[in-house]
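S.K.: To start, I am sharing the structure in question, which I have written as C-alpha cells.
Rule-based calculations on the coordinates, nothing more; no lab input. No experiment lies behind these values; they were computed from the predicted model shown. Cβ atoms come from the backbone with ideal geometry, glycine included; neighbour counts cover every protein chain shown.
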C-alpha cells in the first residue's frame, strides 16, 4: 500500500520506518521538499521510502498519518491540501501540547474540543481516526516493548475507517487490544490522558508504560 | 478514629458506611443539620454514625473526605470553616464535572488548574490529597469489584499526609497499588481522566472498570 507520513520527527520517522519494513511504499512529507531529516530517513530506509512536501505525501498516500506536532497540525494539513486528502483516512497521532509555558506542557485545546475535532471540522471530507497519541512513539509500532496486555484506543466518525485502522494496528503494528471510544469527540478524552502520561513518565523515568483498562 | 464526610450523595454514603463498618466514628456533614439523606444514612449505620452541618463534620473529623459535587466543593468547604480544618487532611474525591451543557459533562476547571489545586489554594492550611476520583464510588472502598490488578492514584503537597492516605487506601479500603503522582498539580491529570472514564462507562455499560498502568 502507498502511505503518507506528515511530519519528520521521531513519531513520523518511527511509523514510516515500520511501514517500509512491512513492505509498503511510504512518502514522508514536510514543509519543504529538501528537509534534511526527511532526506536522512529516506536514505536510511531504501527504495520503499521517499520524501517531499506535505502536499506530495498527501497525494501519494492512500492512508495518511498526522505525525506533526499538535500545535502545527492544522497548518501542516492546509499545506497538504484539502483536495489531496478528500475521502482518505488520516490517522491523527498528534497531541496539542503547548510547551510555551515550560514543563509540564499544557494542552492548547481540551475539554469541550480537541485537536482531532479541529482537524475533522477543518477538513470535513477527511476521515480522521484519532489513535496512538496515548503512547510513546516507539510503543506505537512495537507494543511488546511493554510486557503483558495493554490497550490502544481509537476514535472517529467513520466506522469503516476505524475498522481499517484497527486492522492496521493489530496486523501491522501488533496491538492485541484496540478499544473504540466512539466518534471523534472522544479525542478530547484521549488527548486529556496526556497530563497523567507526562507525570507517569517523570515518575518512572521511562516512556515504556501504557494504560490498560481492567474490568 | 474520628472521620468527617462532607457530602450526602452516593460517594459520601459509601465511604462513610465503609468507615463505620471498620469501627470508626463518622460524622456526615451537609448544608443543613437536618438533611434527610444524612439522617437516613445515620439511622442505617448505627452508633458509629452521626450527622450535622459541614462545620460539625469538619470539627469532628481528624481526617476529612470531600464527597461533595465538584462544582459546589469550594462553597461547601467554606461552610465547613477554614479554622475547623487547619492542619487536617482532606481527601479530595470530587471531580469538577459540569453537567450544565448536558451529557457528556465537561470539566469546570482543567488543563492549567484543577479542583484539587483550587481547594489547596483556598485553604492553604488544609492538607489536600487528591485520590479516588478516577473510580466509581463502589470501587473506591471495594477495589475487588474489578478483578485482578489495577491502580489508584494520589497527589498532594504534604508527603506525610499522602503516606497516611496511602495506608488508609491499602489497609482500610483494600487497594494493592497506590501510585503517587507528586504534588497537587497532578490533580489536573487525575481530573482529566474523567472524559475517557465517562466514554468507557458508556461503552461497557458498567462502571466496574479501572485503569492499570502496565510497564
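S.K.: Checking residue A:94 against (1) more than 14 Å from chain B (Cβ to nearest Cβ); (2) more than 14 Å from residue A:16 (Cα to Cα); (3) part of a helix (DSSP H, G or I); (4) touching a strand residue (DSSP E or B) at 6+ places or on another chain (Cβ under 7 Å), which test does it fail?
M.R.: (3)
Residues are listed down the side, and each one gets a yes or a no for (1) buried (at least 16 other Cβ atoms within 10 Å of the Cβ); (2) out of contact with any helix residue (DSSP H, G or I) (no Cβ under 9 Å at 6 or more places or on another chain); (3) closer than 18 Å to residue A:67 by Cα; (4) touching a residue at least 60 places away in the same chain (Cβ under 8 Å):
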| site | (1), (2), (3), (4) |
| --- | --- |
| A:96 | yes, no, yes, yes |
| A:102 | no, yes, no, no |
| A:111 | yes, no, no, yes |
| A:117 | yes, no, yes, yes |
| A:120 | yes, no, yes, yes |
| A:145 | yes, no, no, yes |
| A:165 | yes, yes, yes, yes |
| A:173 | yes, no, yes, yes |
| A:187 | yes, no, yes, yes |
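S.K.: With a cut-off of at least 3 residues that are more than 10 Å from every other protein chain (Cβ to nearest Cβ) and under 22 Å from residue B:214 (Cα atoms), name the helices (runs of 4 or more DSSP H) lying wholly within the stretch A:98-215. Lay out the reasoning, then the answer.
M.R.: Values: elements: A:115-122, A:137-140, A:159-167, A:187-191, A:194-204.
Those helices (runs of 4 or more DSSP H) span A:137-140.
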